[in-house]
1. Once the Cβ-Cβ distance between Ala288 and Arg29 is put in as r, and R0 is 35 Å, what FRET efficiency do you end up with, to the nearest 0.05?
2. Roll a 1.4 Å probe over the protein chains and send me the accessible area per residue for region 20-176 in Å².
3. Counting only the heavy atoms of the protein chains, how much of Trp314 is accessible to a 1.4 Å probe, in Å² to the nearest 10?
4. Once you put a point 7 Å from the Cα of His51 and another 7 Å from the Cα of Asp235, both along the Cβ direction, what distance in nm separates them?
5. At 1.4 Å probe radius, can you tell me the per residue accessible area of region 187-262 in Å²?
6. What is the extension gain from Arg381 to Thr414, computed as 0.36 nm multiplied by their sequence separation minus the C-alpha to C-alpha distance, in nm to one decimal?
7. With a 1.4 Å probe and all protein chains in place, put Thr370, Thr220, Thr242 in order of accessible area, largest first.
8. Counting only protein heavy atoms and a 1.4 Å probe, tell me what percentage of region 20-176's accessible area is made up of carbon and sulfur.
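The values are calculated or read from the model by the stated rules, or taken from the named source; none is laboratory data. Worth saying up front: this structure is predicted, and the values here are computed from it rather than measured. Positions of Cβ are generated from backbone atoms using ideal geometry, with glycine treated the same way; all protein chains shown enter the neighbour counts. We work out accessible area using only protein heavy atoms, side chains counted, and drop any ligands, DNA or RNA first. Shrake-Rupley method; radii C 1.70, N 1.55, O 1.52, S 1.80 Å.
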Amino acid sequence: MITDTIRKFVGRLFGPALSRGPQRIPSERHGIDRRNVSRHAIKVCEVLRQHGYEAYVVGGAVRDLILGLEPKDFDVATNATPEQIRPLFRRARIIGRRFQLVHVVFGQEIIETSTFRAPASADQETDEHGRILRDNVFGSQEEDAARRDFTMNALYYDPHTEEVIDYHNGVQDLKKRQIRMIGDPVKRYREDPVRMLRAVRFAAKLNGTLDPATRQPISTMAGLIENVPASRLFDEMLKLLTCGHAMDCLRQLRADGLHHGLLPLLDVVLEQPGGEHFVELALERTDARVRAGKTISPSFLFAALLWQQVESRWKELRAQGEHSMPALLQAADSVLDEQTEKLAIQRRFSSDMREIWFMQPRFERRAGKTIYRMIEQPRFRAACDFLQLRAAAGEFDSVLAQWWMDLANGNDETRAEMIEELAHLPREEHRDDTAAGSGAAASTRRRRRRRSRSSQRPE
């Protein structure tokens with residue numbers, strides 16, 4: 001009788017799967033090919049096993065391998081503490097305040113190695129909203145599985161036996177493409193509000209659905225995102241935008257009221273004429289690159305997301321009589337200042353974003369010396385790609401945009417020929433008749449005509 005009572009209590013506390021014990025799923029059922037597992041992650045597990053510890057590949061890598069996707073990185077979970085892990089590897093360091101773990105470094109690859117965590121306790125350090133601030137209480141694998149966010153992320157792959165250990169029916173949920181929270185969703189979201197963003201991202205990435213109990217509290221708890229550190233929000237936003245289904249994620253964020261703590265200007269952008277079309281074009285191209293296995297530039301991505309707001313303020317300032325480049329500088333600074341209050345866009349990214357934006361007016365005119373100076377700029381190619389995006393959205397002449405892209409793709413000889421050909425074109429064809437450039441260009445032509453006429457006057 002007492003045993004039954006305890007079992008029911010444990011079942012209510014950690015979920016029914018925990019009280020039954022884990023499933024040990026063999027390779028022929030889960031389908032993971034050991035050859036697709038990082039050899040460095042396997043090495044970390046082997047070294048820990050040799051020293052008497054348990055060690056497993058865990059989390060997102062196991063999820064992706066079961067789905068037939070290529071994991072971006074590999075994590076290991078063990079019953080060894082950070083102080084026990086670090087001396088076992090030549091290049092390893094302990095990181096983290098909220099939860100300490102070890103980065104084991106193998107050249108360019110880092111294997112993040114964490115210690116099994118214990119269940120949350122009443123004396124854990126939290127903020128006034130329930131978000132856990134410090135979490136260095138270690139436990140067993142069973143307890144660690146209960147602490148993970150979603151069932152599909154609470155999977156442990158043993159490279160030695162090639163089994164997947166599943167405490168919460170995560171493999172079954174994966175097959176159904178269902179995102180289900182472990183434990184009480186309200187409590188888990190309070191512990192870490194970023195889990196709401198992760199739920200949306202996983203649903204979009206896996207073309208899956210949120211379990212009703214997992215989704216229901218999100219709209220009412222969305223405000224908790226405001227309490228998450230800006231740097232962590234930036235990391236999560238970057239993952240969301242580079243998951244291969246970014247536009248679906250943004251629409252779902254807006255539907256659930258989660259976007260306010262991420263991109264406060266997003267609603268304004270999408271409400272502007274052509275704003276949503278521009279963002280869609282940018283994210284569709286990003287998604288295509290992700291699916292093709294190509295690299296993504298965060299600078300380019302955020303430059304595209306915020307461009308509509310920068311351009312709108314740029315136009316306002318020019319209408320007030322401000323010169324073009326100073327107006328663009330002010331517009332860029334004001335938009336970035338508003339964003340960095342909530343989203344900690346790293347300085348190196350914001351610097352690149354400014355360079356991409358500041359080169360846009362310079363594409364409006366084609367003059368030999370100016371062109372050569374532009375080619376030498378580090379962000380010239382990125383700025384050309386951005387120009388193509390503007391042309392696709394109808395903001396810039398597509399023929400002129402293609403000329404710049406051909407220049408960017410050409411070798412030195414091709415570029416010299418293209419620039420030489422400009423000398424034989426009528427002067428008006430060297431520029432684009434846009435509002436930003438036409439006034440300055442006309443003024444320059446008038447000055448040249450005056451100089452030409454004065455030089456022809458007889459003495």
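1. Details: r = 34 Å, r/R0 = 0.97.
Result of the calculation: an efficiency of 0.55.
2. Details: 7610 Å² over 157 residues.
Per-residue accessible area for region 20-176 comes out at 48 Å².
3. We get 10 Å² for Trp314.
4. 2.4 nm
5. Numbers: 2720 Å² over 76 residues.
Per residue, region 187-262 has 36 Å² of solvent-accessible surface.
6. On the way: separation 33, 0.36 × 33 = 11.88 nm, distance 1.59 nm.
Between Arg381 and Thr414, full extension yields an extra 10.3 nm.
7. On the way: Thr370 40, Thr220 110, Thr242 20 Å².
Of Thr370, Thr220, Thr242, the descending order of accessible area is Thr220, Thr370, Thr242.
8. Working: 3210 of 7610 Å².
Its accessible area is 42 percent carbon and sulfur atoms.
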